[in-house]
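Peer 1: Here you go, one structure.
The values are calculated or read from the model by the stated rules, or taken from the named source; none is laboratory data. Note that this is a predicted model, so its numbers are computed, not measured. Using ideal geometry, Cβ is built from the backbone for each residue, glycine included, and neighbour counts are taken over all protein chains shown. Each accessible area value is taken on the protein alone, full model and side chains, heavy atoms only, with ligands, DNA and RNA left out. Shrake-Rupley method; radii C 1.70, N 1.55, O 1.52, S 1.80 Å.
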Amino acid sequence: MSERGNVLIVTGGGRGIGAATCRLAARAGWDVAVNYARDRTAAERVAADVEAAGRRAVAIKGDVSVERDVVGLFEAAAASLGQIGGVVINAGVTGDPRGPLADADAEMLARVVALNVTGALLVAREAAKAMSTARGGGGGSVVALSSAAATLGSPGEYVWYAATKGAIDSMAIGLGRELAREGVRVNAVSPGLIDTEIHAGEENQRRLRERAPSVPIGRAGTADEVAEAIVWLLSDAASYVTGANLRVGGGR
Ligand code: NAP
């Protein structure tokens with residue numbers, strides 16, 4: 001059996017919570033594979049920041065809703081950096097335009113489910129294959145990005161997105177138990193209102209500003225505040241934590 005690797009894969013690592021996680025993980029000693037879908041410049045900038053922190057990094061293009069891209073991502077990360085010991089299932093979209101489900105377009109719904117649910121399951125599957133001690137891996141930790149939306153339901157805004165995050169909650173419980181004796185911990189992090197490009201566009205920015213005061217803590221959170229929770233769950237300090245869901249929502 002091999003040792004736990006110190007290579008971390010972060011899907012959608014070029015921006016927002018993913019980028020903050022890559023940078024903080026580097027400071028915690030991880031070498032990082034920064035996955036991106038479109039924005040290569042942003043991912044390469046994050047990879048350069050990881051290297052500036054003294055760790056190794058590679059930016060890898062891949063649409064994680066596509067099986068061959070997910071398999072290719074794991075192969076490329078292992079070939080460039082070595083043994084994988086951590087995976088952050090971060091890439092996700094809300095789907096636009098926001099509004100009642102009754103007005104939602106079927107293609108938009110399919111795209112959101114393909115990335116947030118099927119993509120997350122594919123990444124989790126490859127993580128299990130790469131890290132399970134029962135399959136020759138060295139063990140490790142998976143953190144999947146859910147959302148406070150999973151329990152709030154997001155009526156009038158994006159019920160479909162909330163539903164996809166409910167799927168993440170179930171996956172973290174089930175896979176956490178499935179892999180518990182195979183050296184792999186699986187947890188979810190559920191951010192509340194976080195100021196990232198997921199709220200891009202004038203209308204979404206306005207909603208973010210309007211909602212921030214109603215968060216019990218009185219403001220939106222930052223990507224760095226979510227990254228702190230993720231990097232802790234990845235670490236050996238969380239060695240008895242699996243199948244858990246850590247809400248980072250300012251009381252929301
Ligand atoms: P963001 O700023 O919009 O960034 C999304 C990231 O996902 C980008 O790096 C993007 O890559 C990547 N991505 C999009 N489609 C992809 C695909 N098909 N394959 C691979 N990567 C893809 O998002 P964020 O706010 O940081 O959110 C990150 C996670 O936290 C998501 O799962 C989100 O649902 C969850 N979350 C966010 C909030 C919030 O308020 N921000 C709250 C709760 C939960 P490119 O740059 O290459 O396009």
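Peer 1: Can you name every residue in the stretch 194-218 that is under 29 Å from L8 (Cβ atoms) and open to solvent by 20 Å² or more (accessible area, probe 1.4 Å)?
Peer 2: Result: D195, T196, E197, I198, A200, I217.
Peer 1: Next up: Test R209 against the stated conditions and say whether it is over 30 Å from G5 (Cβ atoms), more than 12 Å from the ligand (Cβ to nearest atom) and at pLDDT below 95.
Peer 2: Criteria met by R209.
Peer 1: For A220, only one of the following conditions fails: (1) of a type outside the set (V, I, T); (2) closer than 16 Å to A148 by Cβ; (3) modelled with pLDDT under 95. What is its number?
Peer 2: (3)
Peer 1: Tell me yes or no: at least one residue of the stretch 173-189 is within 14 Å of the ligand (Cβ to nearest atom), touching a Ser or Thr at 6+ places or on another chain (Cβ under 8 Å) and farther than 21 Å from A130 by Cα.
Peer 2: Within the stretch 173-189, one or more residues are within 14 Å of the ligand (Cβ to nearest atom), touching a Ser or Thr at 6+ places or on another chain (Cβ under 8 Å) and farther than 21 Å from A130 by Cα.
Peer 1: For the stretch 118-139, which residues satisfy the criterion of being among the hydroxyl-bearing types (S, T, Y) and under 25 Å from G166 (Cα atoms)?
Peer 2: Of everything in the stretch 118-139, those that are among the hydroxyl-bearing types (S, T, Y) and under 25 Å from G166 (Cα atoms) turn out to be T118, S132.
Peer 1: Among residues belonging to the stretch 159-193 that are open to solvent by 40 Å² or more (accessible area, probe 1.4 Å) and among the β-branched types (V, I, T), point out the one that is nearest to the chain's Cα centre (by Cα).
Peer 2: Here the answer is I173.
Peer 1: How many residues does the stretch 77-108 hold that are in contact (Cβ under 8 Å) with a residue 12 or more places away in the chain, open to solvent by 20 Å² or more (accessible area, probe 1.4 Å) and within 15 Å of the ligand (Cβ to nearest atom)?
Peer 2: Residues flagged as in contact (Cβ under 8 Å) with a residue 12 or more places away in the chain, open to solvent by 20 Å² or more (accessible area, probe 1.4 Å) and within 15 Å of the ligand (Cβ to nearest atom) within the stretch 77-108 amount to 6.
Peer 1: Looking at the stretch 2-44, which of its residues are within 10 Å of the ligand (Cβ to nearest atom), assigned to a loop (DSSP other than H, G, I, E, B) and in contact with a helix residue (DSSP H, G or I) (Cβ under 8 Å, 6 or more places away or on another chain)?
Peer 2: T11, G12, G13, G14, R15
Peer 1: Same structure again: Does R23 meet the test of being closer than 17 Å to V143 by Cα, open to solvent by 10 Å² or more (accessible area, probe 1.4 Å) and at pLDDT below 95?
Peer 2: So R23 fails the test.
Peer 1: Let me ask you something else. Kindly list the number of the only condition in (1) touching a Lys or Arg at 6+ places or on another chain (Cβ under 8 Å); (2) away from the ligand (no atom under 13 Å from the Cβ) that fails for L193.
Peer 2: (2)
Peer 1: Pairs only if they're at least six apart or on different chains, beta carbon under 8 angstrom, first in the stretch 223-240 and surrounded by fewer than 18 Cβ atoms within 10 Å (Cβ to Cβ), second part of a helix (DSSP H, G or I); list them, first residue then second.
Peer 2: D224/A20; D224/L24; E228/L24; W232/A238
Peer 1: Here's another thing I want to ask about it. Go through (1) in contact (Cβ under 8 Å) with a residue 40 or more places away in the chain; (2) polar (S, T, N, Q); (3) away from the ligand (no atom under 11 Å from the Cβ) for S214 and report which single condition fails.
Peer 2: Looking at each condition in turn, S214 falls short on (1).
Peer 1: Continuing with the same structure: Given S132, S146, S170, S141, which one is free of Cβ contacts under 8 Å to residues at least 12 places away in the same chain and either more than 10 Å from the ligand (Cβ to nearest atom) or out of contact with any Leu (no Cβ under 8 Å at 6 or more places or on another chain) (or both)?
Peer 2: It is S170.
Peer 1: Of the residues that make up the stretch 113-135, is at least one assigned to a loop (DSSP other than H, G, I, E, B) and either within 18 Å of the chain's Cα centre (by Cα) or crowded, with 17+ Cβ neighbours inside 10 Å (or both)?
Peer 2: Taking every residue of the stretch 113-135 in turn, at least one turns out to be assigned to a loop (DSSP other than H, G, I, E, B) and either within 18 Å of the chain's Cα centre (by Cα) or crowded, with 17+ Cβ neighbours inside 10 Å (or both).
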